[in-house]
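Here's the structure, in structure tokens; my notes come after.
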Amino acid sequence: MSKRILIVEPSAIVAKGLEQVFKDLGEFEVSGILQDLSGAWEAQLRPMDPDIVLINPSVADYASRVGIKTRIAECVSAAVLCIGTQPWEEELLRSFDGSIGLMDTPAAIIRKVRAALDERSDTPREETEELSAREKEILICVAKGMLNKEIADLYNISIYTVITHRKNITRKTGIKTVAGLTVYALLNNLIDMNTVE
């Protein structure tokens with residue numbers, strides 16, 4: 001089965017060029033192209049379920065560029081590579097699983113994508129992953145008895161994003177019930193006993 005790639009690139013020419021490279025070589029399938037990360041991009045990203053995300057950091061404002069990979073990781077488990085349309089800062093490049101450049105040959109692009117996938121599969125997952133700040137917020141809401149819709153409205157996110165956060169919380173903690181998550185939140189001092197309904 002071919003690996004799925006999502007391209008997030010504001011330039012239609014660059015995006016279509018990358019799509020053609022993958023189409024010609026046949027090893028990877030482009031599952032979608034987004035021009036930016038605005039609107040309900042999380043809802044668009046999830047059904048595509050990419051194995052690899054190629055993203056131009058210019059789709060995010062300067063302050064949030066280093067956090068792009070983290071934002072994507074909250075939705076899908078994919079290798080995230082930077083599309084180097086300009087010389088990016090070293091700190092930014094280190095935040096990605098790899099990078100491809102506009103001057104790379106098709107063979108070099110494929111090699112870099114394969115390397116990022118291999119690196120990702122070779123890296124063992126920690127026994128217990130740390131919950132992100134947003135996941136802790138969602139966990140607190142769940143422990144307080146809030147419904148997905150209420151949580152989505154509170155944080156101005158889609159209900160699908162809430163569901164994804166809840167799945168990630170369950171995966172990371174290994175706890176599937178609301179009661180169990182409430183106990184977890186209490187034991188980790190995320191909530192006070194008086195705030196639980």
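Is at least one residue of region 34-53 over 29 Å from V162 (Cβ atoms) and out of contact with any strand residue (DSSP E or B) (no Cβ under 7 Å at 6 or more places or on another chain)?
Scanning region 34-53 turns up no residue that is over 29 Å from V162 (Cβ atoms) and out of contact with any strand residue (DSSP E or B) (no Cβ under 7 Å at 6 or more places or on another chain).
Please work out if E137 is outside the structural domain of I68 (by TED's automatic domain parsing), at pLDDT below 90 and either part of a loop (DSSP other than H, G, I, E, B) or acidic (D, E) (or both). Before you say what the answer is, go through the steps one by one.
Values: outside the structural domain of I68 (by TED's automatic domain parsing): yes; at pLDDT below 90: no; either part of a loop (DSSP other than H, G, I, E, B) or acidic (D, E) (or both): yes.
Here the answer is no, as E137 does not meet what is asked.
Please go through region 6-54 and give me each residue that is part of a strand (DSSP E or B) and either touching a Ser or Thr at 6+ places or on another chain (Cβ under 6 Å) or of a type outside the set (G, A, S) (or both), ordered by number. Show your work before the answer.
Filtering region 6-54 for residues part of a strand (DSSP E or B) gives 6-8, 28-34, 52-54.
Across region 6-54, the qualifying residues are L6, I7, V8, F28, E29, V30, I33, L34, I52, V53, L54.
So, of the residues in region 1-27 that are acidic (D, E) and closer than 16 Å to I52 by Cβ, which turns out to be modelled with the lowest pLDDT?
E27
Does G17 fit the bill of being surrounded by fewer than 19 Cβ atoms within 10 Å (Cβ to Cβ) and at positive phi? Steps first, answer last, please.
Values: surrounded by fewer than 19 Cβ atoms within 10 Å (Cβ to Cβ): yes; at positive phi: no.
So G17 fails the test.
Name every residue in region 33-50 that is surrounded by fewer than 16 Cβ atoms within 10 Å (Cβ to Cβ) and free of Cβ contacts under 8 Å to residues at least 60 places away in the same chain, in order of residue number.
Across region 33-50, the qualifying residues are Q35, D36, S38, G39, Q44, P47, D49.
Considering only residues that are of a type in the set (G, A, S) and without any contact (Cβ under 8 Å) to a residue 12 or more places away in the chain, which ones fall in region 13-32?
Residues of region 13-32 of a type in the set (G, A, S): 15, 17, 26, 31-32.
Within region 13-32, just G17 meets the criteria.
Go through region 65-109 and give me each residue that's surrounded by 12 or more Cβ atoms within 10 Å (Cβ to Cβ), in a helix (DSSP H, G or I) and more than 14 Å from the chain's Cα centre (by Cα).
L92, L93, P106, A108, I109
Yes or no: D61 buried (at least 20 other Cβ atoms within 10 Å of the Cβ), acidic (D, E) and within 28 Å of A152 (Cβ to Cβ)?
Considered against the rule, which asks whether it is buried (at least 20 other Cβ atoms within 10 Å of the Cβ), acidic (D, E) and within 28 Å of A152 (Cβ to Cβ), D61 comes out as no.
Please count how many residues of region 145-180 are in a helix (DSSP H, G or I), closer than 21 Å to E130 by Cβ and charged (D, E, K, R).
Qualifying residue count for the region: 4.
The values are calculated or read from the model by the stated rules, or taken from the named source; none is laboratory data. All figures in this text were calculated on a predicted structure; none of them were measured in a lab. All Cβ positions, glycine included, derive from the backbone under ideal geometry; neighbour counts span all protein chains shown.
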